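Okay, structure first, notes after.
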Amino acid sequence: MRGDALSGEDRELLAAAHAVRLHAHAPYSRFRVGAALRTAEGAVIVGCNVENVVLGETVCAEKSAIVGGVSQGHQRFQVVAIVTDHRPAASPCGSCRQMLFTWGVERVILANLSGEVEVWSLADLLPRSFVLELP
Ligand code: THU
């Protein structure tokens, strides 16, 4: 689908993901990722991938957004928009899927610089996710 088929709120989230992608620090992979989360209260929280010379220390854009949002006091997120320059639009890694699930995300909007947009449910991307009921 194309982005203009999205709601105004989703288009706003996508625009935020596009903008933050330009802040990505990706000198090793040269693969920039922008992520924007919408909280239950309607706030928009952004994150980008941040690579490190110790490659294993790289932080994905989705995790960067969640950690930033939680640090700002948010506890639940509903939607994430993820933008890359990849065709087809790139989907989050397994680790980020679990993290998005844990923090409440239900809808995932994937987009690329060619204007392609896909909307997924997180349950389809991560069936039978890990859940731990704390005592
Ligand atoms: N990356 C993300 O930011 N999110 C993902 O879900 C997968 C991968 C980043 C990590 C690294 O900086 C680059 O993309 C290439 O793997």
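The values are calculated or read from the model by the stated rules, or taken from the named source; none is laboratory data. Because the structure is predicted, anything quoted here is derived from the model rather than measured. Counting neighbours? That spans all protein chains shown, and the Cβs are built from the backbone with ideal geometry, glycine included. Areas reflect the complete protein model, heavy atoms only, side chains present, ligands, DNA and RNA absent. Shrake-Rupley method; radii C 1.70, N 1.55, O 1.52, S 1.80 Å.
So the values come out like this:
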{"item": "Candidate set from segment 91-110 (those that are among the polar types (S, T, N, Q) and more than 10 Å from the ligand (Cβ to nearest atom)); member that is most open to solvent (accessible area, probe 1.4 Å)", "result": "THR102"}
{"item": "Meets criteria (in contact (Cβ under 8 Å) with a residue 12 or more places away in the chain, within 24 Å of LEU6 (Cβ to Cβ) and touching a Gly at 6+ places or on another chain (Cβ under 7 Å)) for VAL83", "result": "yes"}
{"item": "Any hit, segment 63-70, residues being of a type in the set (A, V, I, L, M, F, W, C), away from the ligand (no atom under 12 Å from the Cβ) and open to solvent by less than 10 Å² (accessible area, probe 1.4 Å)", "result": "no"}
{"item": "Counted residues, segment 1-33 - those being basic (Lys, Arg) and assigned to a loop (DSSP other than H, G, I, E, B)", "result": "2"}
{"item": "Segment 41-57 - residue that is crowded, with 16+ Cβ neighbours inside 10 Å and within 13 Å of the ligand (Cβ to nearest atom) and, of those, farthest from the chain's Cα centre (by Cα)", "result": "GLU51"}
{"item": "Flag if ALA36 is buried (at least 16 other Cβ atoms within 10 Å of the Cβ), assigned to a loop (DSSP other than H, G, I, E, B), at pLDDT 95 or above and not hydroxyl-bearing (Ser, Thr, Tyr)", "result": "no"}
{"item": "ILE82 being β-branched (Val, Ile, Thr) and more than 10 Å from the ligand (Cβ to nearest atom)", "result": "no"}
